[in-house]
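The values are calculated or read from the model by the stated rules, or taken from the named source; none is laboratory data. Just so you know, these numbers come straight off a predicted model, no measurement behind them. Here the Cβ positions follow ideal geometry from the backbone for every residue, glycine too, while neighbour counts run over all protein chains shown. To get the accessible areas, we keep the full protein, side chains included, count just its heavy atoms, and leave off ligands, DNA and RNA. Shrake-Rupley method; radii C 1.70, N 1.55, O 1.52, S 1.80 Å.
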Amino acid sequence: MSQFPKAFIFDLDGVITDTAEFHYLAWKQLAEELGLSIDRQFNEQLKGISRMESLEKILALDSTLSTMSNEEKERLATKKNAHYLTLIEQLQPDAILPGIEQLLKKCVEQKVKIALGSASKNAQTIVEKLGLIDYFDYIVDAAKVEKGKPDPETFTTAADYLDIPYSDCIGLEDAVAGVEAVNSAQMFSVGVGSIEHLHHADYVVEDTSELRFDDIIKQYQMQREAGKSTTAK
């Protein structure tokens, strides 16, 4: 087991950029077209899960929609994505969250591989719009896996492609399901957000501006040496 990680695997939404607002507005528009209403509190349930899982949660708000065919569900999911793609046209590099590009540069400098592990089928498009595509050695999106988070497949797929042992990988996530996926993959998990919600991560920072390469490496090495998690508030 290496005492220095060989790969960082980043979640996209909430870690590299925040397109959660665009997702919310797109789902809200679709819900209204179905005669349903969702608010930001309900939207918390949709974070970190797949498009079809999100749609199922919305349809469950009206029992009369329970008999909808899979074909119709696919049509609605595609329609939501069209709304979303229209909204993200405005994405620019200034939408990169604080500290992220510096962390990516440090990974390159230290010859640590970089992958993206996202539930979004639009992951590559978003990374290109942000001007970050050249940093990534591999991108795993929803089209490359059968099981979404909290299943570890998103992260193990990235590590397998890079040919790196799971224990030598660090996964960065802002969602509970994402941290569960990283942990299930036996990787070192870094949570971005509230310690209250992400207490199961190996290391937690409140926001991306606190994601410093040297601090993450130190926590990773401490865990490897002690064989237990360390969490920073």
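Tabulated results
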quantity: Subset of region 165-194 [surrounded by fewer than 20 Cβ atoms within 10 Å (Cβ to Cβ), modelled with pLDDT of 95 or more and part of a loop (DSSP other than H, G, I, E, B)]; calculated: PRO165, GLN186
quantity: Matching residues in region 195-227 - criterion: being of a type in the set (Lys, Arg) and outside any loop (DSSP other than H, G, I, E, B); calculated: LYS218, ARG224
quantity: Residues of region 1-12 classified as modelled with pLDDT under 90 and touching a Ser or Thr at 6+ places or on another chain (Cβ under 7 Å), total; calculated: 1
quantity: Cβ-Cβ under 8 Å pairs, at least 6 apart or on other chains, region 72-84 side more than 8 Å from ALA26 (Cβ to Cβ), far side in a helix (DSSP H, G or I) and among the aromatic types (Phe, Trp, Tyr); calculated: none
quantity: Residue match in region 28-44 (condition: in contact with a Leu (Cβ under 8 Å, 6 or more places away or on another chain), open to solvent by 30 Å² or more (accessible area, probe 1.4 Å), part of a loop (DSSP other than H, G, I, E, B) and at pLDDT below 95); calculated: no
quantity: Every residue from region 45-68 that is open to solvent by less than 80 Å² (accessible area, probe 1.4 Å), modelled with pLDDT under 95 and not in a helix (DSSP H, G or I); calculated: GLY48, ILE49, SER50, MET68
quantity: Within region 195-233, considering residues that are among the small types (Gly, Ala, Ser) and open to solvent by 50 Å² or more (accessible area, probe 1.4 Å), the one modelled with the lowest pLDDT; calculated: SER229
quantity: Residues of region 1-56 satisfying the condition of being small (Gly, Ala, Ser) and either touching a strand residue (DSSP E or B) at 6+ places or on another chain (Cβ under 9 Å) or within 26 Å of ILE170 (Cβ to Cβ) (or both); calculated: SER2, ALA7, GLY14, ALA20, GLY48, SER50
quantity: Selected residue [over 13 Å from the mean Cα position of the chain (by Cα), more than 23 Å from ASN81 (Cβ to Cβ) and free of Cβ contacts under 8 Å to residues at least 24 places away in the same chain] from ASP168, ASP137, ASP163; calculated: ASP163
